[in-house]
Amino acid sequence: MHGPIALDPLALDLIGTPEFQRLWGIRQTGFAHLVFPGANHTRLEHSLGTYWVAGRFAEHLGLDPDSARAVTTGALLHDLGHGPFSHTLDGAMREVLGHGHETESRARILGRAPGDPTIPSILRRHGVDPGDVATLVDPGPRRRPSGLGRILHGAIDADRVDYLQRDAHYTGVAHGAIDAVRLLDTVRVASNRIVFAEKGRSAVEGFLVGRALMYSTVYFHKTVRAAEVMAQAAVERQPGFPESARPQFGWSDGELLVRLGEAGGLPAALVRGLTTRRLYKRAFGWREVTPRARRRWLRLAAEPSERRALEDRLAERLAAPAGSILLDLSGVEVRGDPAEDWAEVGIDSGGRVSYPFRGPGPWEALVHRPPADWPVSVYVAPRWRVAAARLFARDPSAWP
């Protein structure tokens, strides 16, 4: 995609670590391959691509060699903490570990994750401070990224420039075909912010359009979401949860499926459904929710145990086994990455920077376009789909 990628000695040493090689076994787009069969690319490929894009950012921004090496190293290691099937288990990870994959990446860079801490020793051997790289990768929820950090955490950053192109290519969906060459050619720095020259404005606008459409077309496709809520349920409903799930976020996709398949019961049944593509079906849901209802669903999303209890009460009303009904609340949960602050994306026209994505208008509407067409979806095991649609359509009292 990017052509040959030249690796410096530090990158070569990092790529050879077990922590990095694990990324071969993690699909970049989770379960998207069940809808888009070509989507079998991995987090390792994406990490290499992000390394390359970060290098081009550094080159066009005129960074000094030490800064350039720090940001490209952060780009290479930014996804070390992803669990199996990428973002699929983000919710379960937060419930079990109390944090997301960014914090896990930080732990691996600092040598605080279980296993042999090879990465920090390699960084030090090459004269790089692991703490500096960890902060670039995970600045923390209350800290804004530094000037360098914006290359990895911004509305238009190295991570997104790579994955939108890569995911569009492997899924065959043209919406993510952004003009990365033009973006990188027109990137500038103004007042410690990354901006783009006026001649790159159309590429910036195309990036925004591609990002919005890829979310609704690929990442939140209803069938992809069906598989993801099934995988999440398999983890959440295994014996001994949550403690039994702690080591699983360091596994590969294949390890997770094999071991959950050996667990028996509902997790094994859900895994069989995933591996034979007998997926749950969306039987009911809401395209629009009132502000009051949204707050109610968000409270439920914040308490996964209560959400599971509701799922089982609904299954009981249907006289179906526990786990036959699964709720997908991603449409009310996801409000965009805080790093994607499009109000701060500037266009430099002859030394004067404007911010065309601030304030009301069509671009603001696109920035805040919901990633999912259905804020709340109810997925049901195929056997119970018709009965569930009939029951809950005529009995709204079943819902919180």
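The values are calculated or read from the model by the stated rules, or taken from the named source; none is laboratory data. Keep in mind the model is a prediction, meaning the values are calculated, not measured. FYI the Cβ positions are ideal-geometry reconstructions off the backbone, even for glycines, and counts take in every protein chain you see.
Points to keep in mind about this one:
- Number of the exception - Arg282 against (1) within 23 Å of Leu314 (Cβ to Cβ); (2) surrounded by 17 or more Cβ atoms within 10 Å (Cβ to Cβ); (3) in contact with a helix residue (DSSP H, G or I) (Cβ under 8 Å, 6 or more places away or on another chain); (4) modelled with pLDDT of 95 or more: (4)
- Selection of first residues in the range 214-242 that are at positive phi and free of Cβ contacts under 8 Å to residues at least 12 places away in the same chain and of second residues that are part of a helix (DSSP H, G or I) and crowded, with 21+ Cβ neighbours inside 10 Å, restricted to Cβ pairs under 9 Å at least 6 apart or on distinct chains, gives an empty result.
- Of the strands (runs of 3 or more DSSP E) that lie entirely inside the range 313-400, those containing 2 or more residues that are modelled with pLDDT of 90 or more and touching a helix residue (DSSP H, G or I) at 6+ places or on another chain (Cβ under 7 Å) span 325-328, 346-349, 376-380.
- Among the residues making up the range 172-200, a single one is surrounded by 20 or more Cβ atoms within 10 Å (Cβ to Cβ) and of a type in the set (S, T, N, Q): Thr186.
- Which listed residue, of Glu255, Glu236, is among the charged types (D, E, K, R), buried (at least 20 other Cβ atoms within 10 Å of the Cβ) and at pLDDT 95 or above: Glu236
- Within this structure, Arg22 fails the test of being under 19 Å from Arg160 (Cα atoms) and basic (Lys, Arg).
- Arg307 meets the conditions (1) of a type in the set (Lys, Arg); (2) part of a helix (DSSP H, G or I); (3) at pLDDT below 90 in every case but one. The failed one is (3).
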